[in-house]
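This report concerns only the one structure given below.
The values are calculated or read from the model by the stated rules, or taken from the named source; none is laboratory data. Since this is a predicted model, take the numbers as computed values, not measurements. Because the Cβ atoms are built from the backbone with ideal geometry, glycine has one as well, and the counts that use them run over all protein chains shown. Note: accessible area is taken over every heavy atom of the protein model, side chains too, but ligands, DNA and RNA are not part of it. Shrake-Rupley method; radii C 1.70, N 1.55, O 1.52, S 1.80 Å.
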Amino acid sequence: MKAETGKYGLKRWVGLGLIVAFLLCARALGLTPGGLIPPDAGHWERTGEFFAAALDPAFDYEDGNVPDDADPIWWKGIKGVFLTLKFAFGAMSLAVPTALVLGFLGSSAWWPEPCGRRTRVLLRSVYLVSRLFMSVIRSIHELIWALLFLSAMGVSPLAGMIALALPFSGTLGKVFSEIIDEEARDAAQALKAIGHGPVQTFLVGILPRATPNLVSYSFYRFECALRSSAVLGFVGIETIGLYIELSHEEFYYREVWTYLYLLIAMIVVVDLWGAAIRRRLHTSTGGCAI
Amino acid sequence: MPSAFRLDNVTRRYGALRAVDGVSFEIKKGEQVALIGPSGSGKTTLIRLLNSMLSPDEGSIRVFDSDLATCDAGALRRLRTTLATIPQHLGLVPNLTAIQNVILGQGGSRGTLRSLRDLLAPSRADAVEIHTILDRVGIEEKLYTRVARLSGGQQQRVAIARAIFQHPAALLADEPVSSVDPARARDTVKLLCELSAEHGFTLCVSLHDLALAREFFPRLIGMRKGRIVFDGAPDELGEEDQQALYDLSDEEMMADA
């Protein structure tokens, strides 16, 4: 009884501590509820215009200077959506194999058993270095990577793709290594016990065992990559984000909403597709007693 | 008769706990032995010591005349290819088919590239042999069914088929019937003993169910708290031995409650 009181007492203190921390942060940042309200009539008007445009997206350019032979806005938007898709797909094509290698090096399920002292030290070092590498590359946001690569390589599709692929390799690799270690250990042990080598155990036992979850998580990250790829437009890489940014700068809010609706539609379609695939993968391995 | 396993004063510790404590025994080639004892008595650790997945802290283990202490990693792997193991949770790959899981039984002796090829396109000879084995264990129609779609009992048969396809000199099974109903458990233990007699391999099975062990095995090794408290034929196992094996002391009953 005493222990329970102690447990709840601790929870209460932690809760109180979090509230105090929030209030201190809000005070340090100068947050007030008034900050949500536009400061003057001009801002009120612009906010109203922006949200009103949501009900009336553009089917034609608001900018009168667009040449007559330019693509219609909806076609430009669709092309922007496909460019965004291409970036996300390209980045994931680089990130998934890299993450598989990093996930392999950053996991221990395939290590030989029993593991000699020298082998253990070597494998442990490789494990720690790959974990550290994954932490470093994912701790820097893709926008910062993009700015770094753009300043080094200029505005090029490859720079954008690598900027996306790097942090995604880190995040994917970390989760891959955890999936490998947590879910595939039983299959790995069974194969090692009948003479399979470490790499062989990984390729024929761990990888097939972990594949549904690896694929499922990769799909989720692909959805994230789509959103990030759109955001890369804000630093000048040609995705739908660039079109949104350019129209927004000129206050063409109806155009902004046309692009936003196309982006949302694409993300909803990919989300539904991903969910269907995850459901199918779950069904194919569901009900298993293993 | 030559020896399959010989343990001399083997101890294995996990921290302060002596999971296996000064155990010595010999299992002859072709012998059928059941390891019996309550949960936590050290049966799983002993199986893992026998298949060389664990090293002893003290004592020596000889498996088919090889001293495990002197074997390097390569020698251990070669030795394991002759020792089939069925772990408690079977260790199958659920999203591979039955034939793919069974073919991995020979992966240890075939190497990585051959195993990958076997998974993608099993040879005709292997397919025929695996079909025969699955027929023998009673699930030949499940050859190309994904293991995840099989029942617990059928998955158990796939694990047995994988062990048989390995052409082992000994088969070690850790609580192979812990997750099936009593009727199926009896069938499985019977099948393991029949297969051992047909193929001539040594059989060592850890079992919870004393009645099953007494019915099918000519030799029982009883463990309690990491030590051997009985080693003999089923009819030698008296009331006192059973009490020593399974009866909880007052202290343990308090701990369980």
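Per-structure values
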| item | result |
| --- | --- |
| Meets criteria (in contact with a helix residue (DSSP H, G or I) (Cβ under 7 Å, 6 or more places away or on another chain) and buried (at least 18 other Cβ atoms within 10 Å of the Cβ)) for residue A:81 | yes |
| Where residue A:236 falls short, out of the listed (1) buried (at least 24 other Cβ atoms within 10 Å of the Cβ); (2) away from every other protein chain (no Cβ under 14 Å) | (1) |
| Total residues in the range B:192-211, condition under 21 Å from residue B:43 (Cα atoms) and open to solvent by less than 10 Å² (accessible area, probe 1.4 Å) | 9 |
| Those residues of the range A:83-138 which are part of a loop (DSSP other than H, G, I, E, B), small (Gly, Ala, Ser) and free of Cβ contacts under 8 Å to residues at least 24 places away in the same chain, in sequence order | A:116 |
| Condition broken by residue A:55, with the remaining ones in (1) modelled with pLDDT of 85 or more; (2) part of a loop (DSSP other than H, G, I, E, B); (3) open to solvent by less than 80 Å² (accessible area, probe 1.4 Å); (4) farther than 30 Å from residue A:199 by Cβ satisfied | (3) |
| Residues of the range B:217-239 that turn out to be among the aromatic types (Phe, Trp, Tyr) and buried (at least 20 other Cβ atoms within 10 Å of the Cβ), as a count | 1 |
| Candidates A:202, A:176, filtered to the one that is within 30 Å of residue B:121 (Cα to Cα), away from chain B (no Cβ under 14 Å) and out of contact with any strand residue (DSSP E or B) (no Cβ under 7 Å at 6 or more places or on another chain) | A:176 |
| Number of the condition not met by residue A:269 [criteria: (1) modelled with pLDDT under 90; (2) closer than 29 Å to residue A:217 by Cβ; (3) under 23 Å from the mean Cα position of the chain (by Cα)] | (1) |
| Set B:181, B:118: member being within 9 Å of chain A (Cβ to nearest Cβ), of a type in the set (Asp, Glu) and out of contact with any Gly (no Cβ under 6 Å at 6 or more places or on another chain) | B:118 |
| Residue in the range A:199-216 that is more than 23 Å from residue A:75 (Cβ to Cβ), in contact with a Gly (Cβ under 8 Å, 6 or more places away or on another chain), open to solvent by 50 Å² or more (accessible area, probe 1.4 Å) and in a helix (DSSP H, G or I) present | no |
| Residue match in the range B:52-71 (condition: under 17 Å from residue B:163 (Cα atoms) and open to solvent by less than 10 Å² (accessible area, probe 1.4 Å)) | yes |
| Qualifying residue in the range A:209-229 (condition: farther than 28 Å from residue A:162 by Cα and within 14 Å of chain B (Cβ to nearest Cβ)) | yes |
| Residues being under 22 Å from residue B:159 (Cα atoms) and open to solvent by less than 10 Å² (accessible area, probe 1.4 Å) - total across the range A:174-191 | 6 |
| Pick from the range B:52-84, criterion part of a helix (DSSP H, G or I) and in contact with a strand residue (DSSP E or B) (Cβ under 8 Å, 6 or more places away or on another chain), ranking: nearest to the other protein chains (Cβ to nearest Cβ) | B:79 |
| Subset of the range B:32-51 [assigned to a loop (DSSP other than H, G, I, E, B) and either within 14 Å of chain A (Cβ to nearest Cβ) or buried (at least 20 other Cβ atoms within 10 Å of the Cβ) (or both)] | B:37, B:41, B:42, B:51 |
| Selection count where residues are of a type outside the set (A, V, I, L, M, F, W, C), in contact (Cβ under 8 Å) with a residue 40 or more places away in the chain and not in a helix (DSSP H, G or I), scope the range A:139-165 | 0 |
| Leading residue by the ranking (nearest to residue B:45 (Cα to Cα)) among those in the range A:96-122 that are within 11 Å of chain B (Cβ to nearest Cβ) and not charged (D, E, K, R) | A:114 |
| Residue check, residue A:7 among the basic types (Lys, Arg) and at pLDDT below 80 | yes |
| Residue count for the range B:85-104, restricted to those that are assigned to a helix (DSSP H, G or I) and of a type in the set (Val, Ile, Thr) | 3 |
| Selected residue (criterion: surrounded by the most Cβ atoms within 10 Å (Cβ to Cβ)) from residues of the range B:85-111 that are among the hydroxyl-bearing types (Ser, Thr, Tyr) and facing another protein chain (nearest Cβ under 8 Å) | B:85 |
| Subset of the range A:132-173 [of a type in the set (Ser, Thr, Tyr) and either open to solvent by less than 10 Å² (accessible area, probe 1.4 Å) or over 18 Å from residue A:107 (Cβ atoms) (or both)] | A:139, A:151, A:156, A:169 |
